[in-house]
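The values are calculated or read from the model by the stated rules, or taken from the named source; none is laboratory data. Bear in mind that the values here come from a model prediction, so they are computed numbers and not experimental data. Here the Cβ positions follow ideal geometry from the backbone for every residue, glycine too, while neighbour counts run over all protein chains shown. When the accessible area is computed, the model is the full protein with side chains, heavy atoms only, and any ligands, DNA or RNA have been set aside. Shrake-Rupley method; radii C 1.70, N 1.55, O 1.52, S 1.80 Å.
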Amino acid sequence: MLDEGFSCLVCGARVEKLGYTARDHCPHCLHSLHVDVNPGDRQSECAGVLEPTGVELNKKGRQILYRCKKCGTKKKNITAQDDNEDLIIKLIVERAWS
C-alpha cells in the first residue's frame, strides 16, 4: 500500500500523506484519480478524474462514492479523518434527496 502526498489536479491543493493508510483522494474537494485497481497499488492505467457522487453509510463507516469521468468506472473510498466535512454532509444530503 502506497501512502504519498500529491497536488490535487482538480482544486490545486497540496495534500500531505495520510499516515495510517493509502491517501486516495483530496480532503479539500474530495476528488480522486483512477490510479488504483486495489487501494494503494497504483496499477490502473486509466488515470481519469474520480468525481464524488455521494456518500454511503455502511459497516465500513462512511465511503465516498465515485464515478470516473474518463471510463465511467464506479468506485468507493473510505473517508479520511481530515476530509472536508461540509462537502461530506452535502453529498449525504444530495444522495438522500435524489
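For (1) within 13 Å of the chain's Cα centre (by Cα); (2) closer than 19 Å to residue 10 by Cβ; (3) polar (S, T, N, Q), each residue gets a yes or a no:
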position: 24; (1), (2), (3): yes, yes, no
position: 30; (1), (2), (3): yes, yes, no
position: 43; (1), (2), (3): no, no, yes
position: 52; (1), (2), (3): yes, yes, no
position: 56; (1), (2), (3): yes, no, no
position: 78; (1), (2), (3): yes, no, no
position: 83; (1), (2), (3): yes, yes, no
position: 91; (1), (2), (3): yes, yes, no
position: 96; (1), (2), (3): no, no, no
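Applying a threshold of 9 Å to beta carbon distances and a minimum spacing of six or more residues, or different chains, the list of pairs starting in the range 38-64 at a residue that is open to solvent by 70 Å² or more (accessible area, probe 1.4 Å) and ending at one that is basic (Lys, Arg) and in a loop (DSSP other than H, G, I, E, B) reads 51/69. Looking only at the range 65-98, residues that are of a type outside the set (D, E, K, R), open to solvent by 60 Å² or more (accessible area, probe 1.4 Å), within 18 Å of residue 35 (Cα to Cα) and at pLDDT below 95 come to 1 in all. Counting residues in the range 5-17 that are among the aliphatic types (A, V, I, L, M), under 23 Å from residue 91 (Cα atoms), touching a residue at least 12 places away in the same chain (Cβ under 8 Å) and not in a loop (DSSP other than H, G, I, E, B) gives one or more. Filtering the range 13-37 to residues that are open to solvent by 70 Å² or more (accessible area, probe 1.4 Å) and over 15 Å from residue 68 (Cα atoms) leaves 14, 16, 17, 20, 28. Of all the residues in the range 1-12, those that are open to solvent by less than 60 Å² (accessible area, probe 1.4 Å) and of a type in the set (Gly, Ala, Ser) number 2. Suppose the filter is in a strand (DSSP E or B), modelled with pLDDT under 95 and closer than 20 Å to residue 17 by Cβ; does residue 38 pass it? Considered against the rule, which asks whether it is in a strand (DSSP E or B), modelled with pLDDT under 95 and closer than 20 Å to residue 17 by Cβ, residue 38 comes out as no. Answer with yes or no whether residue 63 is part of a loop (DSSP other than H, G, I, E, B), under 13 Å from the mean Cα position of the chain (by Cα) and under 18 Å from residue 18 (Cα atoms). So residue 63 does not fit the description; no.
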